[in-house]
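Report on the structure given below.
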Amino acid sequence: MVVRDESTRTLAAELKAALKSKSESEQTQWLADIAAAIDVQRVVRALKVSSEPPKAGQPFPADLAQKLTQAATAALAPEDPQDRWATVLEAIAFSPVRSSVKPASIPTQPSEALLATVKRLAPLIPHIASLFGIVAEAGAVAPKPLRQTRPERSKKKPAKLRGENSQEPVSAQ
């Protein structure tokens, strides 16, 4: 049981003020990171950062949303490589501006990998999926973001552990 006296009330007030200050600082830094990424034309980075707010439920500023939408739309040029399209679409699908990004057109002959990405993300970006002729099923479960994969490690032991390249002379028997 906590005794409620003047010292605990003061401590509680100080903790609330510190939490509010830290929350505001993180929000400001988050928005600055997004703006900086847009300024240096790192659209995928800006989209990914925008999808991870420091505090859930915070409204995304309209002016920054407009800049991010324009940058994301520009990043989906029909002449861009299709793996770039897949990367940008993956980032758009989980960003707060996903419903406002509208590419002018799509690549002329989309690859199977790009179509698979669009089909997977269709519940989140149905307006873009429809450009590819893919219809998002009503009530479809929204996909989760892909996790980065690590390159597989070689199971081969280093030469020193196997006894190769040692300083000992090889005896001819």
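A Förster radius of 25 Å combined with the Cβ-Cβ distance from GLU112 to GLU52 puts the calculated FRET efficiency at roughly 0.25.
Just to verify a number: FRET efficiency for ARG45 and ALA12, C-beta to C-beta distance, R0 = 45 Å, to 0.05? Efficiency computed from Cβ-Cβ geometry: 0.70. Based on alpha-carbon atoms, the Kirkwood radius and the radius of gyration of the range 1-136 give Rg/Rh equal to 1.20. When only the Cβ of Lys, Arg, Asp and Glu is charged (+1, +1, -1, -1), the dipole of the range 65-151 relative to its Cα centre reaches about 340 debye. Listed by chain and number, the aspartates and glutamates whose alpha-carbon sits under 14 Å from that of LYS55, ignoring those within fewer than 8 places in the same chain, are GLU24, GLU26. Based on protein heavy atoms only, the range 1-73 ends up with 73 Å² per residue of surface accessible to a 1.4 Å probe.
The share of Cα pairs per 10 Å bin across the range 57-132, counted from zero up to the longest distance, runs 20, 56, 21, 4 percent. The label point for GLU79 and the one for GLN29, both projected 7 Å from the Cα toward the Cβ, are 4.1 nm apart. Based on protein heavy atoms only, the range 89-140 ends up with 51 Å² per residue of surface accessible to a 1.4 Å probe. A straight chain from SER21 to ASP5 at 0.36 nm per residue would run longer than the Cα-Cα distance by 3.3 nm. Taking the accessible area of the range 8-148, probe 1.4 Å, and keeping the other protein chains in place, the carbon and sulfur fraction comes to 55%. If you wrap the range 10-53 in the convex hull of its Cα atoms and look at it from every side, the mean projected area works out to 2.9 nm².
The values are calculated or read from the model by the stated rules, or taken from the named source; none is laboratory data. Remember, predicted model here, so these are calculated numbers, not experimental data. Please note: Cβ atoms are built from the backbone with ideal geometry, for glycine as well, and neighbour counts cover all protein chains shown. Surface areas here come from the heavy atoms of the whole protein model, side chains and all, with no ligands, DNA or RNA. Shrake-Rupley method; radii C 1.70, N 1.55, O 1.52, S 1.80 Å.
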